[in-house]
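Colleague: Have a look at this one before I ask anything.
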Amino acid sequence: MNRMYGSRRREARAINSRNLQWSDTDFADVDYVAARAMSGSPLGSSLERLKFGMDRSVYGSCVELLAEKFLRRTRRAARMSLIHAALHEYLDDQCTVCGGKESVAADNDAAAKCAACDGGARTYTATERARMSSIAADSWRRHEADYLLIRDCIRSATGSHRKGMARALSDAFESDA
Ligand SMILES: [Zn+2]
């Protein structure tokens, strides 16, 4: 988890870098920028740019690409409020109890795993999801499957983006060696 976060921070730094010089000794920002483009997942790349590069200008394309992905999978159009809510959950996933630190101070001063998020990301309740989607709580059950599918589209896109980037970076490393 931490190592992954580290590489995301590294990627985020590269997104906003003004220094696009190549380096012979190490991966430079330009390598990350190139690897991002070669990851093979435009949606995953935009999602990570939105979240970790804090670039709001790609929000619209994230919505569009997610809607397309949903349509491809289901042959139905997604309800837009579900897409916005799922994006909100993806972006704002910091546990409200531990603030994303994943651990809380225990009685004996040792850090204990946060019970609210179990050391992972914040999980939204059905009530919160319904409210974010502007859907009445008692109708949520009819929309929940679509919502979870959109969440899955986000997960799989960011996953394949990360895998694609790792592949592109290791290819770059091998061709240098
Ligand atoms: Zn927590």
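The values are calculated or read from the model by the stated rules, or taken from the named source; none is laboratory data. Since we're looking at a predicted model, the values are computed, not measured. Cβ coordinates were reconstructed from backbone atoms using ideal geometry, including for glycine residues, and neighbour counts include every protein chain displayed.
Colleague: Being of a type in the set (A, V, I, L, M) and over 13 Å from the mean Cα position of the chain (by Cα) is the filter here; which residues of segment 27-57 pass it? Give the derivation first.
Modeller: If we filter segment 27-57 for residues that are of a type in the set (A, V, I, L, M), which is where we start, we get 28, 30, 33-35, 37-38, 43, 47, 50, 54.
The answer is Ala28, Val30, Val33, Ala34, Ala35, Ala37, Met38.
Colleague: Tell me whether segment 70-84 contains one or more residues that are buried (at least 20 other Cβ atoms within 10 Å of the Cβ), modelled with pLDDT of 90 or more and of a type in the set (Phe, Trp, Tyr).
Modeller: Taking segment 70-84 first, the residues buried (at least 20 other Cβ atoms within 10 Å of the Cβ) are 70, 78, 82-83.
Pick out the ones that are also modelled with pLDDT of 90 or more and you get 70, 78, 82-83.
Pick out the ones that are also of a type in the set (Phe, Trp, Tyr) and you get 70.
Yes, that holds for at least one residue.
Colleague: Oh, and also: For segment 73-104, which positions are assigned to a loop (DSSP other than H, G, I, E, B), more than 16 Å from the ligand (Cβ to nearest atom) and within 21 Å of the chain's Cα centre (by Cα)? Steps first, please.
Modeller: Narrowing segment 73-104 to residues assigned to a loop (DSSP other than H, G, I, E, B): 75-79, 92-102.
Applying the additional criterion that residues be more than 16 Å from the ligand (Cβ to nearest atom) yields 75-79.
Those that are assigned to a loop (DSSP other than H, G, I, E, B), more than 16 Å from the ligand (Cβ to nearest atom) and within 21 Å of the chain's Cα centre (by Cα): Ala78, Arg79.
Colleague: Looking for whichever is more than 23 Å from Leu87 (Cβ to Cβ), away from the ligand (no atom under 16 Å from the Cβ) and at pLDDT 85 or above here; the options are Asp138, Asp107. Which one fits?
Modeller: Numbers: Asp107 fails: at pLDDT 85 or above.
Answer to the selection: Asp138.
Colleague: Would you check which residues across segment 23-72 are of a type in the set (Val, Ile, Thr) and part of a helix (DSSP H, G or I) and list them? Break it down stepwise before answering.
Modeller: Kept after step one, since they are of a type in the set (Val, Ile, Thr), are these residues of segment 23-72: 25, 30, 33, 58, 63.
Passing the criteria: Val30, Val33, Val58, Val63.
Yes/no per residue for (1) touching a helix residue (DSSP H, G or I) at 6+ places or on another chain (Cβ under 9 Å); (2) buried (at least 19 other Cβ atoms within 10 Å of the Cβ); (3) small (Gly, Ala, Ser); (4) not in a helix (DSSP H, G or I):
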position	(1), (2), (3), (4)
Ser139	yes, no, yes, no
Ala145	no, no, yes, no
Arg151	yes, no, no, no
Ile154	yes, yes, no, no
Ala157	yes, yes, yes, no
His161	yes, yes, no, no
Ala166	yes, no, yes, no
Ala172	yes, no, yes, no
